[in-house]
Every structure is written in C-alpha cells, then in structure tokens.
1. Among A:Arg77, A:Arg95, which is the only one that is surrounded by fewer than 17 Cβ atoms within 10 Å (Cβ to Cβ), under 29 Å from B:Tyr390 (Cβ atoms) and not polar (S, T, N, Q)?
2. Counting only residues that are within 7 Å of chain B (Cβ to nearest Cβ) and assigned to a loop (DSSP other than H, G, I, E, B), which one in segment A:35-64 is surrounded by the fewest Cβ atoms within 10 Å (Cβ to Cβ)?
3. Within segment A:97-120, identify whether any single residue is among the β-branched types (Val, Ile, Thr), in contact with a Ser or Thr (Cβ under 8 Å, 6 or more places away or on another chain) and more than 10 Å from chain B (Cβ to nearest Cβ), and answer yes or no.
4. Name the residue that is nearest to the chain's Cα centre (by Cα), counting only residues in segment B:16-53 that are β-branched (Val, Ile, Thr) and outside any helix (DSSP H, G or I).
5. Could you check how many residues of segment B:54-67 are part of a loop (DSSP other than H, G, I, E, B) and touching a Phe, Trp or Tyr at 6+ places or on another chain (Cβ under 9 Å)?
6. Which of the residues that make up segment B:263-311 are touching an Asp or Glu at 6+ places or on another chain (Cβ under 6 Å) and either more than 17 Å from B:Ser78 (Cα to Cα) or of a type in the set (Gly, Ala, Ser) (or both)?
7. Test of understanding: among B:Val121, B:Val160, which residue is in contact with a Leu (Cβ under 8 Å, 6 or more places away or on another chain) and more than 14 Å from chain A (Cβ to nearest Cβ)?
Amino acid sequence: MGITDRKGDLIISGALCAIGIFVVTKARAMPYGEATVPGPGFLPMILGVLLIGISVILGIKAFLSKKNTARVQLGHRSMVSILVALVLLAGLLERAGFLPVMTLFVFLSLKTLSSLKVWKCFLWGLAAAFAGYGFFGLLLGIPLPSGTWWY
Amino acid sequence: MIMSSLEHLLGGFLIVLTPLNLLYCFLGCLWGTIIGVLPGIGPLGGMALLLPLTFKLDPASSIIMLAGIFYGTMYGGSTTSILLNIPGEAASIVTCLDGYRMARNGRAGPALVVSALGSFVGGTLSIIALMFFAPPLAQVMLKVGPAEEFSLMILALLVVSFVGSSNVLKTVAMIILGLMIATVGMDPLTGHLRFTFGYLGFASGIDFVPMAIGLFGISEILINFENIASMEVIKPSFRTLLPRWEDLKASWGSMFRGAGIGILFGFLPGASHIISTFVSYALEKKISKHPEEFGSGKIEGVAGPESANNATTGTSLVPMLVLGIPPLPATALLMSALIIHGITPGPQLVQEHPDIFWGLIASMYVGNIMLLILNLPLVGMFVNFLRIPYAYLAPSILTLMIIGVYGVNTNTADILLMVFFGIAGYLLRKFRFDMAPLILAAVLGDKMEMSFRRALTISEGSLLIFFKSSVSKIFLVAVILILILQGMAWFMGFRRRMAEEAE
C-alpha cells in the first residue's frame, strides 16, 4: 500500500490533533490547581492545546503543499504477519512458557520471511529458543517464564 | 584541579582493573561491536537487551558494561557502512560515502583500520574532555534550583528542535508528544492518576525500555522488511588490512579535527552524534586540496567522521551525569539504569558516587583499548555476521528484543507496549518524524514538570522566578536568541521562496 507524502502528513496531523483534543478533554477533568501550586491537569492542558495548534499548522502546510508529492510505501505482507505473531507471543508467553512460544515465533517468522523448508524453520526455531534460554535465562539469570499450562 | 582529577582517575582504575569489572567492560565492548555491526538494533536496543542482566550487578559494574555497549556500537557501526554501504547505526551514514567506495576499490582493509584508529582517537580525547569538564560543571550546577533546572531543560528541548532537525514543526510535535507520554502515571505531587485508562501498570508511568525498543528497534526492523533483498558483502583479506603510510599520514589530521568537532557537538542534545559526522566530513572536504575526490574513496572522509562520532560519546555523558539531562536516547537508557540502582544522575553524582563517575571514566579508557584490539584483527570475524541473510537475522533480533523488554519487569504487557510503539514509530518515521526528540522529551518530561511546579510554589505563582538568577537568565536569553535566529532564518527563507515564485 502506498500513499503520498502529503496524504500521510494530513493523516498524521489529524491523528495528532485528535490526541491533543483527547488530552485537553481529560485534563479538564483533573484538578487544575492554583497559580501558586499548579495541579496535575495544568501541564497536560498546556501540552494538549499546543499539540492541537501544531497539528493544525502541520495539516494546513500539508494541505497547501503540491499534490503530486512522493509516494511512500506503507506496509508489507510479512510485516503484518510478524506483528500478529508478536501480539500472540505476548498473550501466550507466560501461559505456555518461553521455550515452546519462542520456538513457534521463530518458526513462523522464518516461514514468513525466508524460503527455508518447514523442517529447517522448525529446527532453527528450536535452536534459537534453546540458545536464548540457555544464554539469557540460565547463564545471565534473566527470569524467563516456564509456563503455567504445564503444571 | 588536574592533580585531584588524576587522583580520582587512579581510584577509578582501581575499580575497573578488577577481573570482574574488566570482564563486564569486555562483554559490553564485544556486545556493542556486534550490535553495531548488525543493522537495525543500534546502541539503545543493544543496551536494553542486557539491561535486565545489570539488575544483579553493583551499579559501577552495570554502568561500565552498558557504557561499553554504547561506545562499542559506535565502533562497530562503521563496519557495515564500509563493507555493505548500509550504516549499522545513524552516526555511520557519512562513512558510507568514502568508506564503501574504498571497499569497492579493493581497499576495505585500510578503511576499516583507519576507521578503528579514528574511533580510538575520538573516543580517547572525548574521555579526557569528560574528565575535565564534568566535575567543575557539577560544582556550578550544585547551586541551581528548580527555576534554573526548568530553563535549562527548555533550552535543551529547543536545541533538539532546531539543531539538525529537517522539519522544525514535526520535531516540536514529537517533543510535545514525548512530554505528554511523560505525564502518564501518578502525579508525584498530588498522587492523582493521569491517563492510566484504569490499568495500574501505567501508574508508575510508561516504561522507557519497551517505548525505546519499539520506536527505534521494531520500527527499524519493519522498515527493513521492505527491502529484504540480499546484500553484497565485501570481505577484506587480512593481507590488505594494513593501511599504507600515506593513508595514515593523510588521516591523522582528520582524526584530530573530527575529535574536536565531536567533543563540541557531544554536549548538544538531539542528534549531535550524527550532525558531528556531517560537519566533520564537510570540513575535511572544505580544507582538502582535492575536494573533488571526496565520494570516490578518500581516506580523510572516513577518518574524520568516524573520529567525530566516537568523540561525541564521552562529552554526551557530561549533561547526563552532571545535569541529569540525557542528550541522546542511548544516554537516556544509561540514566534509567542508574535510576534503577537508586542513583539519580545530577550534580551530586560526582561527589556522592565517585566510584561510579570515575569508574566509568577509567572503564572508557580501558574499553577504547579493548575496542581497538577487537576491531582491528577480529574485523573478519564480525564481517561474518553480515553474511547472514536478513530474513534469518530479523527473527533472531526480534527474539533478543523480546527477551530484553520482558526481562526488565517480567511483564508481557511490555511486549504489547513495544509492538504499539513499534507501529507508531514505523508510521511516524515513514513520514519523516524524528524519534529522538520524542524519547528525550519523554525522559525529561517528569523532571521538567516537577521543576516548573516547584519553582512556582517557591515563588508563590510568580513567573518572574525564571528570570531572577543569572544562571536562569543565561539559559532563557539563549532560548530567546535561538528563537529569534530561527525566526530570521525562516523569514529569509520565506522571502527567498516568494521571490523565486514571483520570478
């Protein structure tokens, strides 16, 4: 998927403006404090207003720029697969444990990104998971989950 | 003062020259070199990976190892630039211009050696600068209050916005976004929860490591997926590794000039390590008798920028250690590591924790020698990492990132946070929004807000407190000057554009 620089800038300035409006709305519900002691809502309010201002200027600048600006390529099939795999990994890591989840993650990533055969991807996944666990978990003592499903 | 600095330095060497600290220093340097060679991780990601390991170490050993990764990455970054035409990290972009050309001309060996020597010269001179600048600056900063702190942070963020920024508006937007991120969590003065969305994990704020790894590491990998095609690696033979006498003669001056530029730029927040390389390259080209040869494999084009980017590492630690203001994202991680160990970087650090300050300086001398040894004869070994296709490398790098992020808090929500920031970073980087200002503002935001509110509490609401002390006045005058100069530059550019359009 590709969109022009101009369109991208317009979308991002719109998103930044929305964040600014959200922050201002939330900050209004926080104690604003007094002139002598500014409260927790003071800075978010100022930042929200500033972000709205800047994003409006950015948006106007993008709107007034030439329409045939360079196209920016966005996204990639493997990118989406890897992101989904990462989210699944976060959900499964503590339940299934580091070794099986990491084996699966590396297997899926290799299958998506490379042209390796299935069994080779699996072997690499297994090797990466065990190497990671051995080096970081056992040797360096980083606490890696062993999973709750197996107890 | 020199004698007292040398005495302290001796104490620092006594800390470093223990077998364990030497091992941690070596591990840091080795890891840093490997990370620098691998495109896409960078010093921040490399340090974050080993951050959980440092929890079990004493603070001095932790900072010695993490700093080793930081400057080790700068050494390793040039290898990919020279052999692959792909910068291992942003500060090595300029090295591609002449380094890769030299490699194509069969002179990869001399380019790598001169780059390592330049890194050594720059790195060593900047440690000397750190050693002599930091303690007196700390003495001055001990006398400043919250008003001065706030003015200084405003100045730092303003410098980030205007120095080396390709689009000031986009950079300012990133700074505001970073400051907003810093407001997430419990307000330290009132205990009020802000923007936590009912999730208690956010009460202590958004964790730095998943945010930084997401914005820099994950986004970089996602961008690299788009051009995953195989890369041609030039492997230098050991016989051609030694530079000729003329190469060394031609590059010594460039190394020292590059070091001077890097030392000066290291104090600046933002992208100083990157800008210094461009300035050094431009200077070398300007003073060269044959400027037309630059870009076709001129050794000065490698020596100067490599020395400059390594020279920023030492002086970029001065603001972090003495002022508590990290000028680079990687130094922000060093600061986080110190805070995890209960040590707050700032003017008191030099007096209250001399073991850390002087231990770090001494370790940098030792580390630079280690890196020179690692990067000269072992360069062939590191080159082998580049032979691994990116399709195989990416899952391994992702595995390392997951372990690094999970290991800090043993919380899987941090992995999700990393993915979120990775996607945000990818989209923002695609449309040329800089990530460094966002990270720096997110790190400084907390402190900045506290200084501002404390100053107003002291002055009972009077904003004049920011103009009372001479230190604060100096910072604010600098702020006003930068704004005026930037305004003038914008106005002149605007007028030129209007005139061009009229023609």
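1. Sole residue among the options that is surrounded by fewer than 17 Cβ atoms within 10 Å (Cβ to Cβ), under 29 Å from B:Tyr390 (Cβ atoms) and not polar (S, T, N, Q): A:Arg77.
2. Top of the filtered list is A:Ala35.
3. No, the conditions are met nowhere in segment A:97-120.
4. B:Ile41
5. Summing the residues that are part of a loop (DSSP other than H, G, I, E, B) and touching a Phe, Trp or Tyr at 6+ places or on another chain (Cβ under 9 Å) in segment B:54-67 gives 1.
6. Start the filter on segment B:263-311 by keeping residues that are touching an Asp or Glu at 6+ places or on another chain (Cβ under 6 Å), which leaves B:284, B:297-302, B:304.
Matches in segment B:263-311: B:Glu284, B:Gly297, B:Gly301, B:Gly304.
7. Testing whether each residue is in contact with a Leu (Cβ under 8 Å, 6 or more places away or on another chain) and more than 14 Å from chain A (Cβ to nearest Cβ) leaves just B:Val160.
Every residue, every condition in (1) at pLDDT below 80; (2) under 30 Å from A:Ile19 (Cβ atoms), yes or no:
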residue: B:Ile93; (1), (2): yes, no
residue: B:Met102; (1), (2): no, no
residue: B:Val121; (1), (2): no, no
residue: B:Leu130; (1), (2): no, no
residue: B:Glu149; (1), (2): no, yes
residue: B:Ile154; (1), (2): no, yes
residue: B:Ser161; (1), (2): yes, yes
residue: B:Gly164; (1), (2): yes, yes
residue: B:Lys170; (1), (2): no, yes
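The values are calculated or read from the model by the stated rules, or taken from the named source; none is laboratory data. Model, not experiment: these values are computed from the prediction. Here Cβ is always computed from backbone atoms with ideal geometry, including for glycine, and neighbour counts include all displayed protein chains.
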